[in-house]
Amino acid sequence: MLKKLENIGTYTLTGLEQTGRTFNLLLLVLWELARPPYRFYTIVRQIYFIGARSLSLIVISGVTIGMVLGLQFYSILERFGSVNLLGAGVALSVIRELGPVMTALMVVGRAGSAITAELGIMRITEQVDALECMAISPNKYLVAPKVIAGLISVPLLTAVFDSVALFGGYFVGVVMFGVAEGSYMNGMIDAVEWEDVRLGLVKSVIFGVLITLICCAKGFYMHLTKAGSQGAEGVSFVTTDAVVLSSIAVLFSDFLIGAIFS
Amino acid sequence: MTEIPAVENAITIRDLVVDYGTRRILDGINLDIPAGQIMVIMGGSGAGKSTLLRCILGLKKPTSGSINILGTEVNGVRARDMHALRKQMGVAFQGGALFSSMSVAENIQLPLREHTRLDETTIEIMTRIKLDMVNMLPHEHLMPAELSGGMTKRTALARAIIMDPKLLFFDEPSSGLDPSTSAELDELIIMLKNSMRMTIIVITHELDSVFKIADHIAVIGEGRILETGTPEQIRASTNLEVQDLLHRKARETVVDADAHLRRLVGEEE
């Protein structure tokens with residue numbers, strides 16, 4: 001019993017320590033961003049990596065999810081004779097919830113894991129130490145461009161996801177099941193308000209910062225955890241940890257943001 | 001005009017203690033590293049050499065004690081001053097610590113691009129000079145993954161000296177290298193001291209290298225300085241732990257050579 005309590009205490013302290021470290025990293029990044037030199041080229045490279053290279057994945061998952069939503073909504077709405085609400089249902093689900101959340105989860109899986117692995121490997125091969133010894137701030141050189149790229153890329157990817165998901169819903173509803181095009185489009189236009197778009201935008205901005213920050217912190221501070229002494233195995237451990245933690249953080253903060261803004 | 005006094009010791013370490021949890025890694029280290037000479041810090045595995053190096057570089061905060069580098073007290077120094085101090089230091093890490101996404105030349109140019117406003121042509125020229133010094137000029141376009149162990153170390157060395165630092169740190173230059181490549185690196189280190197007049201601190205456990213390159217030697221064991229002095233003084237040391245370290249290493253070398261010979265004979269048969 002005592003041992004279990006001890007374990008709970010240890011996990012809680014470790015969790016608090018890691019949260020504090022991640023928050024501290026955010027403050028350091030903000031501080032570094034305010035000071036020259038400004039690394040536009042590095043940020044553009046990271047936007048290419050996080051954003052542009054995730055585009056195909058986002059398009060495929062967006063179309064698929066839009067089609068699934070169209071299918072499910074159609075079968076439910078048909079029972080009540082309300083298929084004219086199909087456009088509204090798909091649009092609101094995608095813009096308010098699924099777009100930002102699914103985009104963030106896809107970015108975590110594709111780019112977030114790579115970010116953690118890259119920084120973790122750089123840490124264990126002394127590349128981060130080398131930067132410090134060259135009087136180059138690793139926060140500014142390695143972490144800040146990734147966080148800024150996340151902040152810019154995730155909302156843009158979410159916009160792409162939303163657009164193609166709406167098209168997926170349109171394809172299933174209008175092309176496959178013969179719902180009137182005007183009914184689908186007008187339902188969508190009438191139902192979606194600026195508030196819904198703003199909520200989706202706020203979510204995607206917060207998710208973008210959150211996932212890149214967690215993934216960066218996991219790899220960057222790898223040496224301060226038990227995984228730091230486990231070499232390549234340690235990198236795989238922190239990478240898995242970063243993906244799981246980022247995904248949970250996205251889902252939990254989705255609820256929180258929804259609760260606050262609703 | 002007031003004359004600035006010359007710094008006799010590039011680095012002065014006093015009563016340095018480092019604890020990892022309950023374990024004491026460095027236990028009251030006192031060490032003077034003279035300017036313009038090669039100081040070799042030698043000792044067995046786990047003696048505390050790397051921790052000492054990390055403390056000097058400001059990568060590890062000591063539990064207590066003081067480190068003075070080029071007249072600046074490192075403990076409690078402001079980040080800006082540490083930044084300025086680090087620009088006067090070059091470090092060649094044991095594994096090279098080269099950035100895998102950059103070519104050999106790009107790795108070497110990084111400090112210049114970050115800390116100077118030199119034009120592209122000057123950066124190119126300076127890179128080529130340093131690459132030539134370490135015999136890496138023909139390989140400037142290679143990526144770190146394409147380099148051999150010796151080439152990686154030479155590239156790391158070129159990057160460490162690109163800013164013409166006053167202090168050069170070299171962590172285990174011979175580790176993982178064959179004897180001839182190791183000897184080449186030793187000659188390179190001596191050449192750097194003579195041509196660039198920098199203070200060089202080498203961390204190693206390779207006896208051959210130690211006595212070939214050192215002006216001064218500090219022997220470290222179980223977190224303490226066992227002996228300091230010139231190579232002759234270390235050889236003549238009456239400290240039993242120092243003698244044990246010297247002879248154990250010598251025996252290991254003989255055993256290695258014997259095993260290598262037997263492998264060769266076996267292959268021929």
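A few points about this structure:
- Rolling a 1.4 Å probe across the protein heavy atoms gives the range A:2-261 an accessible surface of 48 Å² per residue.
- Restricting the calculation to Cα atoms, the range B:102-162 shows an Rg/Rh of 0.94 when the hydrodynamic-style radius is the Kirkwood one.
- FRET efficiency for residue A:244 and residue B:124, using Cβ-Cβ distance with R0 set to 56 Å, rounded to 0.05: 0.75
- Whole-percent carbon and sulfur share, accessible surface of the range A:1-128, 1.4 Å: 70 percent
- Probe 1.4 Å - accessible area at residue B:241, Å² to nearest ten: 80 Å²
- Area buried, chain B against chain A - accessible surface, total, 1.4 angstrom probe, square angstrom: 1500 Å²
- Estimated translational diffusion coefficient (Stokes-Einstein, Kirkwood radius over Cα pairs, 20 °C, 1.002 mPa s) of the range A:31-97: 142 µm² per second.
- Distance cut-off 18 Å, percentage of C-alpha pairs in the range A:152-262 lying past it: 64 percent
- For chain B, a/c is not less than 1.5, where a ≥ b ≥ c are the root eigenvalues of the C-alpha gyration tensor, and a/b does not top b/c. That puts it in the oblate class.
- Other residues lying with their Cβ under 9 Å from the Cβ of residue B:219 contribute a combined charge of -2, Lys and Arg counting +1, Asp and Glu -1.
- Number of partner chain Cβ atoms within 10 Å, mean per residue of A:133-140: 6
- The fraction of Cα-Cα pairs per 20 angstrom bin, counted from 0 for the protein assembly as shown, comes to 18, 42, 26, 11, 2, 0 percent, rounded to whole percents.
- Cα-centre dipole for the range A:2-261 with unit charges at Cβ (Lys and Arg positive, Asp and Glu negative), debye to 20: 520 debye
- Going by accessible surface with a 1.4 Å probe and the largest first, B:81, B:132 read B:132, B:81.
- Here residue A:218 is the anchor, and the lysines within straight C-alpha reach of less than 17 Å, apart from those fewer than 8 places off in the same chain, are A:140, A:146, A:226.
- Prolate/oblate/rounded call for the range B:1-111, Cα gyration tensor, a/c under 1.5 rounded: oblate
- For the residues A:30, B:245, B:59, a 1.4 Å probe over the protein chains yields an accessible-area ranking, largest first, of A:30, B:59, B:245.
- Residue-averaged beta-carbon neighbours from other chains (10 angstrom radius) around B:159-168: 1
- Residue-span extension gain [residue B:235 to residue B:73] - 0.36 nm each, minus C-alpha spacing: 55.0 nm
- All lysines inside 19 Å of residue B:166 as judged from Cα atoms, apart from same-chain residues fewer than 8 positions distant: B:87, B:130, B:193
- By average C-beta atoms within 10 angstrom, highest first, the peptides B:144-151, A:8-15: B:144-151, A:8-15
- Expressed in Å, the radius of gyration and Dmax of the Cα atoms of the range B:47-108 are 13.9, 40.
- Peptide B:86-92 has a mean shielding of 3, counted as Cβ atoms of other protein chains within 10 Å of each residue's Cβ.
- Across the range A:185-194, computed HN-Hα scalar couplings (Karplus, 6.51 cos²θ - 1.76 cosθ + 1.60, θ = phi - 60°) run 5, 5, x, 5, 5, 5, 7, 7, 10, 4 Hz from first to last residue, x flagging Gly and Pro.
- Partner aspartates and glutamates for residue B:212 [C-alpha distance under 20 Å; skip if fewer than 8 residues away on the same chain]: B:171, B:172, B:178, B:184, B:186, B:187, B:227, B:232, B:244, B:252, B:256
- Carbon-plus-sulfur accessible fraction, chain B (probe radius 1.4 Å, protein heavy atoms only): 50%.
- Between amide H atoms placed 1.01 Å from N, distances below 5 Å from residue B:38 occur with B:200, B:215, B:216, all of them 5 or more places distant or on a separate chain.
- Long-range amide H partners of residue B:220 with built H, under 5 Å: B:42, B:43, B:226
- Net charge of the neighbourhood of residue B:91, taken over other residues with C-beta under 11 Å away and scored Lys/Arg +1, Asp/Glu -1, is -1.
- The sum of -39500 (n - 2.57) across all DSSP H runs of n ≥ 4, divided by the residue count of chain A, sets its helix-only mean residue ellipticity at 222 nm to -26000 deg cm²/dmol.
- Residues whose amide H lies under 5 Å from that of residue A:135, counting only those 5 or more places away or on a different chain, are absent; hydrogens are built 1.01 Å from N in the peptide plane.
- Per residue convex hull volume, Cα atoms of the range A:2-261, in Å³: 157 Å³
- In range of the label at residue B:135: residues from the range B:180-208 whose backbone nitrogen is under 14 Å from the point 7 Å along Cα→Cβ: B:180-192
The values are calculated or read from the model by the stated rules, or taken from the named source; none is laboratory data. All figures in this text were calculated on a predicted structure; none of them were measured in a lab. Glycine also receives a Cβ, built like all others from the backbone with ideal geometry; neighbour counts cover every protein chain displayed. What goes into the accessible areas is simple: the full protein's heavy atoms, side chains included, and nothing from ligands, DNA or RNA. Shrake-Rupley method; radii C 1.70, N 1.55, O 1.52, S 1.80 Å.
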